[in-house]
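The values are calculated or read from the model by the stated rules, or taken from the named source; none is laboratory data. All of these numbers come straight from a predicted model, not from anything done at the bench. Cβ sites come from the backbone with ideal geometry, for glycine too, and all protein chains shown count toward neighbours.
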């Protein structure tokens, strides 16, 4: 009985939060700081479930549709405790990389969409 209780508790903790989704199709692709699409050190690649800096392997991410001070959606790392995020600014069609999370007084890095 004790094993079953521990197993159920672990399974509940491992479940993805209900408010997280795959990254929307319109955010999938290649993005770069200030449009420097040919510079791997200044670019990211996003697919439905991962985000990769430059040529590094992708890491698991989730999209939260109403998460940001402005009410925009944002991409968050799936790993617990990682606070940086990529907020989608719909007005400018850019991703704002909040390197220290929201509201920490650090200006975001602005990623522009690269041509497909």
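For segment 26-49, how many residues meet the condition of being under 16 Å from residue 73 (Cα atoms) and either in a loop (DSSP other than H, G, I, E, B) or within 11 Å of the chain's Cα centre (by Cα) (or both)? Quick ask: steps written out before the conclusion?
Restricting attention to segment 26-49, the residues satisfying the condition of being under 16 Å from residue 73 (Cα atoms) are 26-28, 46-49.
When the remaining residues are screened for being either in a loop (DSSP other than H, G, I, E, B) or within 11 Å of the chain's Cα centre (by Cα) (or both), the result is 27-28, 46-49.
Qualifying residue count for the region: 6.
Identify, by number, the condition in (1) at pLDDT 90 or above; (2) over 18 Å from residue 108 (Cα atoms) that residue 12 doesn't meet.
The failed condition is (1).
Go through segment 48-64 residue by residue and tally those that are surrounded by 14 or more Cβ atoms within 10 Å (Cβ to Cβ) and touching a residue at least 24 places away in the same chain (Cβ under 8 Å). Reasoning before the result, please.
Start the filter on segment 48-64 by keeping residues that are surrounded by 14 or more Cβ atoms within 10 Å (Cβ to Cβ), which leaves 49-53, 58-59, 61-64.
Cutting the leftovers down to touching a residue at least 24 places away in the same chain (Cβ under 8 Å) gives us 49, 51, 61-64.
Result for segment 48-64: 6.
Being touching a strand residue (DSSP E or B) at 6+ places or on another chain (Cβ under 9 Å) and at positive phi is true for just one of 93, 47, 41. Which residue is that?
Values: 47 fails: at positive phi; 41 fails: at positive phi.
Criteria check complete, one pass: 93.
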